[in-house]
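Quick notes on the structure that follows.
The values are calculated or read from the model by the stated rules, or taken from the named source; none is laboratory data. Worth saying up front: this structure is predicted, and the values here are computed from it rather than measured. Every residue, glycine among them, receives a Cβ derived from its backbone with ideal geometry; neighbour counts consider all protein chains shown.
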Amino acid sequence: MGRAEGLPEQGLMTASEIAVHLLGTCASLEHFDAYMFGSTLNGFGQDIDILIVGPGGDLLAQLKKEMRCAGQSLPLHILYMQPSEECHSQFVAREKCIPLAQLASSAS
Amino acid sequence: MNWQIKYALASFAKAGRSTAEHVSGEVIRIMTQDQPDVLAAITAVETVNQATAAQYREQIAGLDFLCGYRASCVWEGEAIQYLEQNRVGWGNFGTLGSAALDGDANSAAHKVYKFSDRLLRQYGRVAKVDREFDRIHSVTLRSGVTFRIGMIADYEPTADEVRTLWERFGPVDIVWNINPNGTPQPDANEAGRALGCEVMKWDELKDCLSKA
């Protein structure tokens, strides 16, 4: 096991804390549907998998800027999809994605 | 301790097959039974260029591996060449974990792109490969025709990934979905056509190279 002092995952943000952080720092998320999926939902993941579904163009460009700032000290792995792509792939259902808003509301 | 070191140590602790300890700054040591210890730098930079690679190698005596922790980390061709010539392995965190287990950290290359890079180089009709970035290859065929090929490793490449590749690296002739189980989304194919490139899998790419 790791030799870091204490449990290595101590001090890392939980899924709920990450959701609060992203929703609080990325104002443009209001125009998109944002989800988390993958191992971070179960406690810890090597990456933090985020799915963003919504429009392209300037809104997306602005959101990407905000997400870059928000992810300065986080290993965000972000997948951007158009609504038609999500619909075609059924990604949200398939990967059991949880809305960031739902995760944020469960933060203590 | 910076964030990427915390994540790296936590990941090794979770996987359990190797152990890891913080040495200093961005450097960790990874220990695996019956394999040599690995001294690795874990960087949070978005792009590793030749200067960045040289800086890490010169400042860390005995560096075995340079790891770009961010999933979005891009490696420039000159950095790759520099690291390989100096026997420093390179790649993402998954590559580091595998290299520590296999005992080949000094020669390991980013495992996301390793096999497709080799596939291109070994294809009979290819005369020359210029690796501009980890995922961008300029391929010259024996016929003299050149293709600039961009690789996307995702399972289902999206329109945004095709556009982002084009914006970040410039025009390409072909976007190659290198995930063997991958299927590009119809919107990704459309985005490629709108930009002026084709999104394809290896069989189509091979066909394209054989006819050019």
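Quick notes
- When residues of the range B:71-91 are limited to those that are of a type outside the set (A, V, I, L, M, F, W, C) and under 18 Å from B:Phe169 (Cβ atoms), the one surrounded by the most Cβ atoms within 10 Å (Cβ to Cβ): B:Glu76
- Only residues that are on the phi > 0 side of the Ramachandran plot, out of contact with any Lys or Arg (no Cβ under 7 Å at 6 or more places or on another chain) and not in a loop (DSSP other than H, G, I, E, B) were counted in the range B:74-114, giving 0.
Each row is one residue, and each column tells you yes or no for (1) in the same structural domain as B:Gly25 (by TED's automatic domain parsing); (2) not aliphatic (A, V, I, L, M).
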site: B:Ala54; (1), (2): yes, no
site: B:Ile60; (1), (2): yes, no
site: B:Gly68; (1), (2): yes, yes
site: B:Val74; (1), (2): yes, no
site: B:Gly77; (1), (2): yes, yes
site: B:Arg87; (1), (2): yes, yes
site: B:Asp130; (1), (2): no, yes
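- Within the range B:24-48, the set of residues being among the hydrophobic types (A, V, I, L, M, F, W, C), under 22 Å from B:Asp102 (Cα atoms) and within 13 Å of chain A (Cβ to nearest Cβ) comprises B:Ile28, B:Ile30, B:Met31, B:Ile42.
- Screening B:Trp90 on (1) of a type outside the set (Lys, Arg); (2) within 14 Å of chain A (Cβ to nearest Cβ); (3) under 11 Å from B:Val48 (Cβ atoms) shows it passes everything except condition (2).
- When residues of the range B:139-164 are limited to those that are more than 11 Å from chain A (Cβ to nearest Cβ) and under 18 Å from B:His110 (Cα atoms), the one farthest from the chain's Cα centre (by Cα): B:Ile149
- Of all residues making up the range A:13-32, the number that are within 13 Å of chain B (Cβ to nearest Cβ) and touching a helix residue (DSSP H, G or I) at 6+ places or on another chain (Cβ under 6 Å): 0
- Residue within the range B:2-18 that is away from every other protein chain (no Cβ under 13 Å), outside any helix (DSSP H, G or I) and within 29 Å of A:Phe44 (Cα to Cα) present: no
- Residue among B:Ile42, B:Ile28 that alone is without any contact (Cβ under 8 Å) to a residue 24 or more places away in the chain and among the hydrophobic types (A, V, I, L, M, F, W, C): B:Ile28
- B:Arg17 vs. criteria under 23 Å from A:Asp49 (Cβ atoms) and either charged (D, E, K, R) or touching a helix residue (DSSP H, G or I) at 6+ places or on another chain (Cβ under 8 Å) (or both): yes
- Tally, over the range B:45-68, of residues that are part of a strand (DSSP E or B) and free of Cβ contacts under 8 Å to residues at least 12 places away in the same chain: 0
- All conditions but one from (1) within 14 Å of chain A (Cβ to nearest Cβ); (2) assigned to a helix (DSSP H, G or I) apply to B:Ala71; the one that does not is (2).
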